[in-house]
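The values are calculated or read from the model by the stated rules, or taken from the named source; none is laboratory data. Owing to the predicted nature of the structure, the values given are computational and were not obtained by experimental measurement. FYI the Cβ positions are ideal-geometry reconstructions off the backbone, even for glycines, and counts take in every protein chain you see. For the accessible areas, the whole protein counts, side chains as well, though only heavy atoms, and no ligand, DNA or RNA atoms are used. Shrake-Rupley method; radii C 1.70, N 1.55, O 1.52, S 1.80 Å.
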Amino acid sequence: MELRDVLKKRVSYRFDFTDRKVTKDELKYIVEAAFLAPSGSNRQTPRIIGVLDDEKVLKLGEIYGFDWAKTATAAVVIAYKVMEKRPGKRSRHLEDFSAAAQNLLLAVVDLGFATTWIQGQIENEKSEQMAELLNLPEDLNVIGYFPIGEPSREVSGPEKMSFDERCFLNEFGSSF
Ligand SMILES: Cc1cc2nc3c(=O)[nH]c(=O)nc-3n(C[C@H](O)[C@H](O)[C@H](O)COP(=O)(O)O)c2cc1C
C-alpha cells in the first residue's frame, strides 16, 4: 500500500477480528517494522515480542480484559530496558518505544490488519502479568500491547481537529 494511504487508513481498532490468521511471516514483517525504528543515541531500548501462539494471544487478551482483543490472531508486546542514565541525560525509552510503536501500527495497516496502541490501560499489574506470561527477564518492563488481526468492520476513528488548527506554514497561525 502507498505510504500516504497507510497513514490515512490507520485508526485505532477496538472490535472483533475475523478468523483469518496472521501468518508468521506477516508477524515478522510487523515486528521488523518496530525493530527498524530510530532510538535516542541509538540505545535501542525496545524489546519486541511477536506472539502467534493461540493460547498466549488469548491470555494476553484476557489480561487486558476486553472481549474484542481476545479475538486477535496475533499480538505484539513491547518492553523496554531501563538504560543507565548518563550525567545530564534522561533515558529516552519512552520516545524509543513510541517510534517503534508507530512503525508497528503502519506495518499492521499495510498488511490489511488492524490494531490499537494499548499503553495507558496496562500501566498497572496487567503489564506485570504480561511480562510473566512472556517470560521476560526482570530488567524489562512491558509498556505496549498490540492485539492484531483482520478487522471485521470498517472503523472511521474519532473526531479530530482540522489540519489548519494544528499545522502551519512558516509561522504559527499561517495556514498552508
Ligand atoms: C501513548 C498512547 C497511549 C495509548 N493508550 C491506549 C490504551 O491504553 N487503550 C486504548 O484503547 N487506546 C490507547 N491509545 C490509542 C488512542 O486512544 C488513539 O490513538 C486516539 O484516541 C486517536 O484515535 P486514532 O488512533 O483512531 O487516531 C493510546 C495512544 C497513545 C499514542
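Annotations
- Selected residue (only one of V22, V76, V51, V57 is of a type in the set (V, I, T) and within 16 Å of the ligand (Cβ to nearest atom)): V76
- Residue match in region 139-146 (condition: open to solvent by 40 Å² or more (accessible area, probe 1.4 Å) and either under 15 Å from the mean Cα position of the chain (by Cα) or within 16 Å of the ligand (Cβ to nearest atom) (or both)): yes
- The requirement of being crowded, with 18+ Cβ neighbours inside 10 Å and among the basic types (K, R) is satisfied by R47.
- For region 147-168, the candidate set comprises residues that are within 13 Å of the ligand (Cβ to nearest atom) and in a strand (DSSP E or B); within that set, the residue that is surrounded by the fewest Cβ atoms within 10 Å (Cβ to Cβ) is P151.
- Residues of region 67-93 satisfying the condition of being in a loop (DSSP other than H, G, I, E, B) and open to solvent by less than 80 Å² (accessible area, probe 1.4 Å): T71, A72, T73, M83, S91
- Single residue of region 131-146 satisfying the filter (in contact with a Lys or Arg (Cβ under 9 Å, 6 or more places away or on another chain) and not in a loop (DSSP other than H, G, I, E, B)) that is farthest from A101 (Cα to Cα): L133
- Failed item, numbered, when K85 is tested on (1) at pLDDT 95 or above; (2) more than 14 Å from the chain's Cα centre (by Cα); (3) more than 16 Å from V142 (Cα to Cα): (1)
- Near pairs, Cβ below 9 angstrom, 6+ apart or cross-chain, from region 54-81 (closer than 15 Å to Y13 by Cα) to any residue that is at pLDDT below 95: none
- Which listed residue is modelled with pLDDT of 95 or more and open to solvent by less than 40 Å² (accessible area, probe 1.4 Å), from L60, L52: L60
- Those residues of region 104-132 which are surrounded by 17 or more Cβ atoms within 10 Å (Cβ to Cβ), farther than 15 Å from G65 by Cα and more than 13 Å from the ligand (Cβ to nearest atom), in sequence order: A107, D110, L111, F113, A131
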